[in-house]
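The values are calculated or read from the model by the stated rules, or taken from the named source; none is laboratory data. Keep in mind that what you see is a predicted model, and the values were worked out from it rather than measured. Virtual Cβ from ideal backbone geometry, glycine too; neighbours counted across all protein chains shown. The protein model used for the area step is the full one, side chains on, heavy atoms only, and it has no ligands, DNA or RNA in it. Shrake-Rupley method; radii C 1.70, N 1.55, O 1.52, S 1.80 Å.
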Amino acid sequence: MNPERTRALALIEQTAREVADAIARGDLPELRFPLRSLANVRYEPGGGFALGPATKTRSLSAGGARSFAQALRMMTLSHQMLRDDDFASKREAYYVSKNWGDCRFESQPESDEIIDDLEALVSREGLVREHLGFFPEEHAGSVVGMLTVVDTDPETGETVEVDCRALGRGAYSIPRSVEHLSFRTDAKFVLAIETGGMFQRLHSHRFWRSSECVLVEMGGVPTRAVRRFVRRLADEHALPVYCFVDCDPYGIANIYRTLKVGSGNAAHVSAAFSVPTARFLGVTPQDILDFGLQDATHPLVDVDVKRAHDALEHDPFFAAHPAWSAALQQMLAMGVRAEQQALAKWGLNFVLQEYLPRKLAAPEAFLP
Amino acid sequence: MPLPSTAAVSHRAAARRVDAQMLARGQREISVSEFFQKNRHLLGFDSPARALLTVVKEAVDNALDACEEAGVLPDIGVEIEPVGADVFRVTVQDNGPGIVERQVGRIFAKLLYGSKFHALRQSRGQQGLGISAAGMYGQLTTGEPMRVLTRTSRRAPALEFLLSIDVAKNRPLVHRRSRVDWDVAHGTRVEIVLEGHHQHGQRSVAEYLRLTALANPHATIRYEDADGEHTTYPRTLRKRPPLPRRIAPHPHGVELGTLAAMLAQTRRRTLSGFLSHEFSRIGHKSAAAIVAAADRGLKGGTSPHALSREQTRALHRAMSTAKVSAPPTDCIVPIGEALLRRSLAARVDASFVTAVTRPPAVYRGNPFQVEVALAWGRATEGSPAADREHLAADSPARLFRFANRVPLLFQPGSCVTTQAVVDTNWHHYGVQQTKGALPIGPLAILLHVASVWVPFTSEAKEAIAAYPEIEHELHLALQECARRLQRHLGTVRQAHDRAVRRARIERFVPHVAAALQELLALDEAGRAAIVARLETALAADEGEDP
């Protein structure tokens, strides 16, 4: 069992002990969880989103007895999974609860809520929900390049090494939880790519070999596993992370922002899941001009404009980075957006022969 | 003899009628018997069903009054016997003091003869109309005379009378008078044969007797109905209520017609003597002041018999505005809060009963006292007390109206008691109500107005007139009852909420214990200890002793 799981077990037992002690004193017990509402979310320019000190209480009261008991039940499930080295998706945890009688959840958002509370609780100790045995459901990204992933066979416990250069046209699929992985790499940087098409093009042309990098396919907003995977590469192997997404408010304010600083809605995990060192390679609004893509753009639609205004007015990330505010303003002024694939206007391989080399020549010019 | 007006008709109308009669005075004795023969609806004989009930009611009222005056715990027997198609013999027997021989004819067969008229006292009958009118109704519809059996003591013989009324002369006709064997120590038995209709339900004789027993817990009432079914309402209280004290009329309350009658009948030789002796709160000084204020040539020494119609009116006006103290109020005997609560609880299936007896008050010189009892029903039907009425949660409040312990079954809409209930803002006390209607809920309200002179809206004595003073007192009593109900409902709700809350929490105690057992690897004793501790903590939290 890895040290994080041991710490998670101890944390659960300690919490249970506190509850039992309160009962022994004759008190009605309660559980305190960090408050996850936006009112308790702070943006720290260095570290991204984080939870403030406010807490909420689940207690053995008329309104709270059910969720109090459910939280304890959920802790029991986590405890069992950690002891048995097992895991459950949020959806599976929801179905496990169907066997809990009065404590069963009526819908998955209810059980997700309790799991998120438990995660917020252990996040104070630097742990995440994967450490408790709860794995995400969603499909994680793919990886190729100058990297060897060291895993174990869950059945035999034997070490398994995956050489991400030797996967042919396929790619390594990031598992739902990456906590147990370790890496060997001599790559120079990580390139996190929004779309599967672009990933496939760069992979086919062995861009990772020529540029000595690791390619990660995010497939839209990166999942927890992708973000954690990239974060660990960045942390443990001091790799710069460059982000390559569409030039539109979604690519910038959602995909890139989430990868770099996390999100207000999941502030309790930002510390573990964000990649604060990430930089924005492109496509930038300025790239549209610099690379002559004006006639390969699309006009901004209402939802784009609204998203850009929201980011400018409410997102502390943009408030903290004037360069980003300027870039968004520029996009709004131009009134257009451009996809990664727009570079194909100059030829299918323009992106790896011209665009990326030119950009990578001056990483200090990347947007923060 | 002039016809006394009552609050039955509006005062102006009463004055008009009395004027006409005063004109006729001295020319010919007005036959009230004749008058009522033509206006029998005024007395409650307008339909066969009501007539039957009215006859029972008048006889029972008289019987109870007689027993109380004599200081006897009443034992009343009522029997309705069918003797033909829609013809019944009503028999009412009491264990009262009996009636001396020379009075029998006048009591039963001469309208407006009674002991209850000039000296005011809280009693069931007030005008001396009821029983003779009942007899007359029987006589008119069947031709049968009234049979009266009475005995004043074991030493005296029992006497039997067959009586009818000479309608033209308002005079008793005695058809037979004989000594008979009767196996009672003292008492009176009245038999009237009449055309009537026997009915069941809320306006039946049975309901009337049942409610009478409710308001008179010191009486035993036995009833045999037209189907031969026997019912007994046994006394639940062995103590007689104190006998209400007799008081002289108060100058503010006397009606013009009554004053005229009193002037005509008094034995006093001077107006001053008449006023100071036959009215309460008038001394020689205030008598002189009243005579002076009346003016019209009246002197203290004027003979009471010599007043003209105009002088009588002037005197009446002067009396009604005279500065005299309020009448004594210790002459009213209420049923009392404890008995009201008990009686109402015996009648309806209630989870909460409260009662308020207001202090006595005065309207137009007449002392009166108001009592209200209120019951809130049990939630579920089919309680063990099957003889008690279930109060439905979605129906209007059930009202039980009483005047001087006599149940009022008719004309609820024109009665001040109903009006007071409707005018109370029940919403304010957490009870549903549509504006201008009775409150909705499992609610029963008993209202009792006791007075030396209850202002009925008609001679049939079915509804009480809306004097502001009476309405005000009813409101105060209703509001106090409603406040108590509100408190009770609040307490019930809180207790219920607490119990619900606790039950909601308790469901999860086993889960908490099981989870902690697993997380902390506790043994069975450890788990049980957690359950026990939590139960204790929850009980303490609910504010109970564990």
Subject >> Matching residues, the stretch A:82-114, being within 13 Å of another protein chain (Cβ to nearest Cβ), in contact (Cβ under 8 Å) with a residue 12 or more places away in the chain and either within 30 Å of A:G157 (Cα to Cα) or in a helix (DSSP H, G or I) (or both) >> reply: A:L82, A:R83, A:S97, A:D102, A:C103, A:I114
Original post:
How many residues are open to solvent by 10 Å² or more (accessible area, probe 1.4 Å), assigned to a strand (DSSP E or B) and in contact (Cβ under 8 Å) with a residue 12 or more places away in the chain when one looks only at the stretch B:425-450?
Top reply: 1
Original post:
Would it be correct to say that B:A465 is more than 9 Å from chain A (Cβ to nearest Cβ) and open to solvent by less than 40 Å² (accessible area, probe 1.4 Å)?
Top reply: yes
Subject >> Within the stretch B:523-546, considering residues that are closer than 17 Å to A:D27 by Cβ, more than 10 Å from chain A (Cβ to nearest Cβ) and touching a helix residue (DSSP H, G or I) at 6+ places or on another chain (Cβ under 6 Å), the one modelled with the highest pLDDT >> reply: B:E542
Original post:
B:A499 fails exactly one of the following numbered conditions: (1) of a type in the set (G, A, S); (2) more than 14 Å from chain A (Cβ to nearest Cβ); (3) open to solvent by 20 Å² or more (accessible area, probe 1.4 Å). What is the number of that condition?
Top reply: (2)
Original post:
Would it be correct to say that B:L194 is in a strand (DSSP E or B) and either over 16 Å from the mean Cα position of the chain (by Cα) or under 25 Å from B:D46 (Cβ atoms) (or both)?
Top reply: yes
**OP:** State all residues of the stretch B:404-424 that are farther than 23 Å from B:G441 by Cβ and either open to solvent by less than 10 Å² (accessible area, probe 1.4 Å) or touching a residue at least 60 places away in the same chain (Cβ under 8 Å) (or both); if no residue qualifies, say none.
**Re:** B:N404, B:R405, B:V406, B:F410
**OP:** May I ask you to list the residues in the stretch B:312-338 that are closer than 23 Å to B:A264 by Cα and at pLDDT below 90?
**Re:** B:S320, B:T321, B:A322
Original post:
Across the stretch B:145-178, what is the total count of residues that are charged (D, E, K, R), under 22 Å from B:L42 (Cα atoms) and open to solvent by 40 Å² or more (accessible area, probe 1.4 Å)?
Top reply: 2
Original post:
How many residues, within the stretch A:188-220, are open to solvent by 60 Å² or more (accessible area, probe 1.4 Å), among the charged types (D, E, K, R) and in contact with a helix residue (DSSP H, G or I) (Cβ under 9 Å, 6 or more places away or on another chain)?
Top reply: 2
Original post:
Which residue out of A:E106, A:E119, A:E155, A:E113 is within 19 Å of the chain's Cα centre (by Cα), modelled with pLDDT under 95 and surrounded by fewer than 21 Cβ atoms within 10 Å (Cβ to Cβ)?
Top reply: A:E113
**OP:** Could you grab me the full set of residues in the stretch B:147-191 that are under 26 Å from the mean Cα position of the chain (by Cα) and either among the basic types (K, R) or farther than 23 Å from B:A70 by Cα (or both)?
**Re:** B:R189
**OP:** Residues being more than 25 Å from A:G48 (Cβ to Cβ) and over 27 Å from the mean Cα position of the chain (by Cα): count how many of those fall in the stretch A:303-354.
**Re:** 14
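So that you can scan it fast, the table gives a plain yes or no per residue for (1) without any contact (Cβ under 8 Å) to a residue 40 or more places away in the chain; (2) closer than 22 Å to B:A49 by Cα; (3) assigned to a helix (DSSP H, G or I); (4) of a type in the set (D, E):
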{"position": "B:Y208", "(1), (2), (3), (4)": "no, yes, yes, no"}
{"position": "B:L211", "(1), (2), (3), (4)": "no, yes, yes, no"}
{"position": "B:R222", "(1), (2), (3), (4)": "no, yes, no, no"}
{"position": "B:A226", "(1), (2), (3), (4)": "no, yes, no, no"}
{"position": "B:R240", "(1), (2), (3), (4)": "no, no, no, no"}
Original post:
Residue check, B:E471 against (1) under 24 Å from B:R342 (Cα atoms); (2) modelled with pLDDT of 95 or more, all met but one. Which one?
Top reply: (1)
Subject >> One residue from A:S97, A:S78 being touching a Gly at 6+ places or on another chain (Cβ under 8 Å) and among the hydroxyl-bearing types (S, T, Y) >> reply: A:S78
Original post:
Is the stretch B:374-387 home to any residue that is within 30 Å of B:T329 (Cβ to Cβ) and either at pLDDT 95 or above or of a type in the set (A, V, I, L, M, F, W, C) (or both)?
Top reply: yes
Original post:
Where residues in the stretch A:245-263 are under 25 Å from A:Q330 (Cβ atoms) and among the small types (G, A, S), which of them is most open to solvent (accessible area, probe 1.4 Å)?
Top reply: A:S263
**OP:** List every residue pair whose Cβ atoms lie under 8 Å apart, where the two residues are 6 or more positions apart in sequence or sit on different chains, the first residue falls within the stretch B:503-522 and is facing chain A (nearest Cβ under 7 Å), and the second residue, located anywhere, is part of a loop (DSSP other than H, G, I, E, B) and not polar (S, T, N, Q).
**Re:** B:R504/A:A62; B:I505/A:L60; B:I505/A:A62; B:F508/A:L60; B:H511/A:W100; B:V512/A:P29; B:V512/A:L60; B:L516/B:L522
Original post:
Does the stretch B:475-495 include one or more residues that are surrounded by fewer than 19 Cβ atoms within 10 Å (Cβ to Cβ), within 14 Å of chain A (Cβ to nearest Cβ) and either more than 17 Å from the chain's Cα centre (by Cα) or in contact (Cβ under 8 Å) with a residue 24 or more places away in the chain (or both)?
Top reply: yes
Subject >> So B:D46, is it open to solvent by 10 Å² or more (accessible area, probe 1.4 Å) and modelled with pLDDT under 85 >> reply: yes
**OP:** Kindly indicate which of A:F33, A:F49, A:F68 is at pLDDT 90 or above and assigned to a strand (DSSP E or B).
**Re:** A:F33
Subject >> Subset of the stretch A:43-73 (residues that are at the interface with chain B (Cβ under 10 Å from one of its Cβ atoms), without any contact (Cβ under 8 Å) to a residue 24 or more places away in the chain and open to solvent by 50 Å² or more (accessible area, probe 1.4 Å)) >> reply: A:G63
Original post:
Which residues, taken from the stretch B:60-90, are open to solvent by less than 10 Å² (accessible area, probe 1.4 Å) and under 15 Å from B:M146 (Cβ atoms)?
Top reply: B:A63, B:V90
Original post:
Based on what the data block shows, is A:R25 touching a residue at least 24 places away in the same chain (Cβ under 8 Å) and basic (K, R)?
Top reply: no
Original post:
Going through the stretch A:17-42 one residue at a time, which ones are within 14 Å of another protein chain (Cβ to nearest Cβ), in contact with a Leu (Cβ under 8 Å, 6 or more places away or on another chain) and over 16 Å from A:S67 (Cβ atoms)?
Top reply: A:R17, A:A20, A:A22, A:I23
